[in-house]
Amino acid sequence: MEHRAVVAIGGNALILDGQRGTIAEQRENASETARHIADLVAGGWGVVVTHGNGPQVGFILLRSELVPDDAPVPRLSLEMSVADSQGGIGHILGEALLNELAQRGFPDRVACVLTHVVVDESDPAFARPTKPIGPFYTKDEAEVRAARAGWTIVEDSGRGYRRVVASPEPQRIVELSQIRALVDAGFVVLAVGGGGIAVLETSPGQYRGVEAVIDKDRASALLAADLEVPLLILSTGVERVAIRFRQPDERWLEQMTRSEAAAYNAAGEFPKGSMGPKVEAAIRFLDRGGEEVLITTPAALGRAIEGQTGTRVVQDD
């Protein structure tokens, strides 16, 4: 493997706009994404794949909420829901990658690592939960759940009320050594699903799960930096990053330096709900010694690697 990269794909890559998110739909979408990743591997790349899990965790939480109080089935915590989604998405995406790689002469070369990520109990995010999760509720339903489970509930853009949880900074990936060993052995590794299962390190080597959601792109940037791979690939819904997006003077960018990306972000060019987290993750990766970030769609991955499309974020000269 001449080159190495961490490829971060969103949970929405498995559930496209307008789809219900059935398992059949997710399998079909996973096969399409896996085809482009398998092309990279066949071209000599060593790859670690990370993925989001927003829609899938929402489904898991909703299923749990639909269980009556007197049913002999326990409700799942957020911690367990993230773990559940890592396994489910790992199976769907892993199977798709196994099949695509086998067709290219690389059978049985995929490993899925259930991944825990250490966060700091004193992180300010725990005092100010902001990450919406799970279904929408009426005001009355939300108040009942807040009283019963101690949730923090907010009104969400006129669509109803939702639970919000902390989104702390990822500090350390517990399974880093295992992931590194698998990549060194020639496996395509699925890891840090949904940003990882958030855990507190209560004493050296002792961990306890915590109700929190870690941003997938931030965790991917941390993983790529700690693995010392030169390239971080952040997949999104557009082939290139734009400034003045959807404005008359919209401009698509082939490349940004680290300083340019930070300046555009500070000026509000990249909203928090869309491109902002990816640009912030790109800056974090470069600040930790990474060489280059490539932002593009999964379908354009091959062309972007060849320089035909995508936006590259590079170190300042």
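Every number here is computed from the coordinates shown, using simple stated rules; none is lab data. Remember, it's a predicted structure, so these values are computed and weren't measured experimentally. Cβ: placed from backbone, ideal geometry, glycine included. Neighbour counts: every protein chain shown.
Of all beta bridges DSSP finds with both residues in the chain, what is the antiparallel percent, to the nearest 5? Approximately 45 percent, going by the DSSP bridge assignments.
Of all DSSP beta bridges confined to region 100-242, the antiparallel ones make up roughly 65%.
Counting every pair of alpha carbons in the chain, the share spaced more than 35 Å apart comes to 19 percent. Taking label positions 7 Å along the Cα-Cβ direction at both residue 154 and residue 260, the computed distance is 3.3 nm, reported to one decimal.
Projected label points at residue 16 and residue 303, each 7 Å from Cα along the beta carbon direction, are separated by 1.6 nanometres.
Kirkwood radius and radius of gyration were both taken over the C-alpha atoms of region 52-123, and their ratio Rg/Rh is 1.13.
By the rule of a C-alpha distance below 23 Å, with chain neighbours fewer than 8 residues away ignored, the lysines paired with residue 139 are 131.
Report Rg(Cα)/(2.2 N^0.38 Å) for region 219-282, keeping two decimals.
Dividing the Cα radius of gyration by 2.2 N^0.38 Å gives 1.16.
Please list, or write none, the aspartates and glutamates whose alpha carbon is within less than 16 Å of the alpha carbon of residue 272, excluding same-chain residues fewer than 8 places away. Straight-line reach from residue 272, under 16 Å: 156, 169, 215, 217, 280. Place a point 7 Å from the Cα of residue 69 along the Cα-to-Cβ direction; which residues of region 123-142 have their backbone N under 16 Å from it? Zone members listed by number: 140-142. When peptides 222-230, 206-214 are sorted by average Cβ neighbour count within 10 Å, with the highest value leading, the order is 222-230, 206-214. For the chain, the relative contact order is 20 percent, taking Cα pairs closer than 8 Å that sit 6 or more residues apart in sequence and dividing their mean separation by the residue count. Each 5 Å bin from 0 upward holds the following percent of the Cα-Cα pairs of region 188-317: 2, 10, 18, 22, 20, 12, 7, 5, 3, 1, 0.
Along the axis of the charge dipole computed for the chain (Cβ charges of +1 for Lys and Arg, -1 for Asp and Glu, origin at the Cα centre), the listed residues 142, 236, 293 are led at the positive end by 142. For the pair residue 121 and residue 91 in one chain, pulling the backbone fully straight at 0.36 nm per residue adds 7.7 nm over the alpha carbon distance.
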